[in-house]
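> After the structure tokens below, expect a handful of questions from me.
The values are calculated or read from the model by the stated rules, or taken from the named source; none is laboratory data. Just so you know, these numbers come straight off a predicted model, no measurement behind them. Methodologically, a virtual Cβ is constructed for each residue, glycine included, from the backbone with ideal geometry; neighbour enumeration extends over all protein chains shown. Each accessible area value is taken on the protein alone, full model and side chains, heavy atoms only, with ligands, DNA and RNA left out. Shrake-Rupley method; radii C 1.70, N 1.55, O 1.52, S 1.80 Å.
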Amino acid sequence: MYEASLNQLRRGSPGTARTGFREFLRLYPTDPRVPDANYFIGESFAAESPDSAVGYYQKVVETAPQSIRAASAVYKLGLVAERRKDLEGAKAYYQRVISDYPRSDEAALARDRLKSLGR
């Protein structure tokens, strides 16, 4: 179910993917892929409803801060804040990526975003 939902997301069917991930979360609430499923639900909302995406990214960070998706979720929160013209909020998220996940790929991206925002 998880893999099928991920494939739907990759194929450009975010609504179908979202439905599958939500069902996965309902049926398997303790599965190790729960943070991933929440992250990908956020991704399924990213383009069409950033406010909805934020809730799922925050859920990843709050419930699984050590997961492999946490750095990406914090970085995405920064991108959403930046799109909303909340530059101070965006900077705070990017700083958090750098401090909490210094070895992540997202840390390098966050440094670049900070430079472009003038720190």
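> Within the stretch 12-29, is there a residue that is part of a loop (DSSP other than H, G, I, E, B) and among the basic types (Lys, Arg)?
Within the stretch 12-29, none of the residues are part of a loop (DSSP other than H, G, I, E, B) and among the basic types (Lys, Arg).
> A follow-up question, please. Just one of (1) under 24 Å from GLU3 (Cβ atoms); (2) open to solvent by 50 Å² or more (accessible area, probe 1.4 Å); (3) of a type outside the set (Phe, Trp, Tyr); (4) in a helix (DSSP H, G or I) trips up GLU88, so point out which.
For GLU88, the failing item is (1).
> If I ask for residues that are modelled with pLDDT of 95 or more, outside any helix (DSSP H, G or I) and of a type outside the set (Ser, Thr, Tyr), which ones from the stretch 66-83 would you list?
GLN66, ARG69
> Of all the residues that make up the stretch 26-42, how many are under 16 Å from the mean Cα position of the chain (by Cα) and within 15 Å of GLU3 (Cα to Cα)?
Within the stretch 26-42, residues that are under 16 Å from the mean Cα position of the chain (by Cα) and within 15 Å of GLU3 (Cα to Cα) number 9.
> When the stretch 100-119 is examined, which residues are found to be at pLDDT 95 or above, open to solvent by 60 Å² or more (accessible area, probe 1.4 Å) and in a loop (DSSP other than H, G, I, E, B)?
PRO102, ARG103
> Touching a Lys or Arg at 6+ places or on another chain (Cβ under 9 Å) and of a type in the set (Gly, Ala, Ser): is that true of ALA92 in this structure?
Criteria not met by ALA92.
> Which one of these is at pLDDT below 95 and part of a helix (DSSP H, G or I): ASP51, ASP36?
Exactly one residue qualifies, and that residue is ASP51.
> Among the residues of the stretch 57-65, are any basic (Lys, Arg), assigned to a helix (DSSP H, G or I) and within 26 Å of SER5 (Cα to Cα)?
Checking the stretch 57-65: at least one residue is basic (Lys, Arg), assigned to a helix (DSSP H, G or I) and within 26 Å of SER5 (Cα to Cα).
> Take ARG111 and tell me if it is more than 9 Å from the chain's Cα centre (by Cα) and either polar (S, T, N, Q) or over 19 Å from THR16 (Cα atoms) (or both).
yes
> Within the bounds of the stretch 5-15, is there any residue that is basic (Lys, Arg) and open to solvent by less than 80 Å² (accessible area, probe 1.4 Å)?
no
> I need a count of the residues in the stretch 46-75 that are under 13 Å from PRO14 (Cα atoms) and under 10 Å from the mean Cα position of the chain (by Cα).
Total meeting the criteria: 2.
> So how many residues does the stretch 59-73 have that are open to solvent by less than 30 Å² (accessible area, probe 1.4 Å) and more than 19 Å from GLU48 (Cα to Cα)?
6
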